[in-house]
1. Based on the Cβ-Cβ distance from residue 246 to residue 339, what FRET efficiency comes out when R0 is 45 Å, to the nearest 0.05?
2. Could you pull out every residue, at least 5 positions away or on a different chain, whose amide H is within less than 5 Å of the one on residue 284? Hs are placed 1.01 Å off N in the peptide plane, and Pro or chain starts have none.
3. In Å², what does the accessible area per residue of segment 175-285 work out to with a 1.4 Å probe?
4. If contacts are Cα pairs under 8 angstrom and at least 6 residues apart, what is the relative contact order of the chain in percent?
5. Taking a 1.4 Å probe, which of 169, 225 shows the most accessible area, and what order do the others take after it?
6. Compute the Cα gyration tensor for segment 259-308, then decide on rounded, prolate or oblate, letting a ≥ b ≥ c be the square roots of its eigenvalues: rounded whenever a/c is under 1.5, prolate when a/b is larger than b/c in the other cases, and oblate in all that remain.
7. Note down the accessible area of residue 314, probe 1.4 Å, to the nearest 10 Å².
8. Can you sort 310, 97 by 1.4 Å-probe accessible area, starting with the largest?
Amino acid sequence: MKKIDIFNHIWPKPFHQALIDLVGSTSDITRRSEAVPMMTDLDRRFEVMDMFGEDYCQVLSLASPPLEHVAGPEQALELSRIGTDSMADLCAKYPARFPAFISTAVLTDPAGAITEARRAIEEAGAAGIQIFTNVKGKPLDSPEFSDFFAYLGEAGKPVWMHPARGANFPDYLTEDRSEYEIWWTFGWPYETSAAMARMVFSGMFDKYPSLKVITHHAGGMVPFFEGRVGPGWDQMGARTTDRDLAAVRKALKRPHLEYFKDFYADTASFGSRKAIEHAIEFFGEDHVLFASDAPFDPEAGPMYIRETIRIIEEMDISEELRRKIFQDNAVNLLGLKLKG
């Protein structure tokens, strides 16, 4: 049985160099990424991966920040292309370690994002596309992104949805920034949940029924708040008098909670057993996939991998379910052909 880590992050050398050439020097979350050796040093990545045996492998993806935040559309698309090609090269050179990679979309240029997603999937061999929970503040259900999601539904490749929020999103309206990194600790799970809700209630999954979305960090807040998401939202409109929000819910082809359960979730929960258990209970055993979020832990790489594997191996679940989480769900969803 393989342990396929479907959401971890890397900056291949060509991408890292192109990024530095563009921005000059890093700051905040970008500097955090650059400071972790496993992000840019392939030898160190292999050392960490070897700690978990030859059955451990990684699906590669670029790390935050969203490329839209560091460059205009044209330069951001070029960074995306460099990231795609350099990860494709790593997968070709080390197929047993890296069975797949995902490209990162630049949605500030929706037409360019479709062209590059098509190239990444159909020519470079990407297993899917990474997006973020907003596009420089715009929601994913904005009409300008419709054709992009239509293409991904048609392509049959999943979307990895990564949260995006910074310190410039304040905790209180009277302030101009978030304090104590609340924007990350609580803001990112909220971002994920809000994006999921916008996708559901905008009717996106009625329009594109083949669209598959993998949510990071065990589905954000949604599994824990199932009661509010389900029966609570059954009363949508009762709290709002200036719009008929009940009509929004009634316009969906299915009960809204069913759409939320159609999302996929990973196990990247920073060592929280309960978060993984909630994800399995909510999304179901076929919709949860092993991921570590390496290398962003206090040990700069090994800890989240080690603890996530330990939790899954110690959980009181069947061996069949354990195999689904570690391997089979990723193989089926991504269409992987494992080597080594």
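1. Working from the Cβ atoms, E equals 0.30.
2. Placed amide hydrogens put nothing under 5 Å from residue 284.
3. 52 Å²
4. Across the chain, relative contact order equals 18 percent.
5. Greatest to least solvent exposure: 169, 225.
6. On the way: a/c = 3.13, a/b = 2.36, b/c = 1.33.
Prolate, because a/c is 1.5 or more and a/b exceeds b/c.
7. For residue 314, solvent-accessible area is about 100 Å².
8. Sorted by accessible area, descending: 310, 97.
The values are calculated or read from the model by the stated rules, or taken from the named source; none is laboratory data. Here the structure is a predicted model, which is why all the values come from computation and not from measurement. Heads up, the Cβs are rebuilt from the backbone with ideal geometry, glycines too, and the neighbour counts pull from every protein chain shown. These area figures cover heavy atoms from the full protein model, side chains too; ligands, DNA and RNA do not enter into them. Shrake-Rupley method; radii C 1.70, N 1.55, O 1.52, S 1.80 Å.
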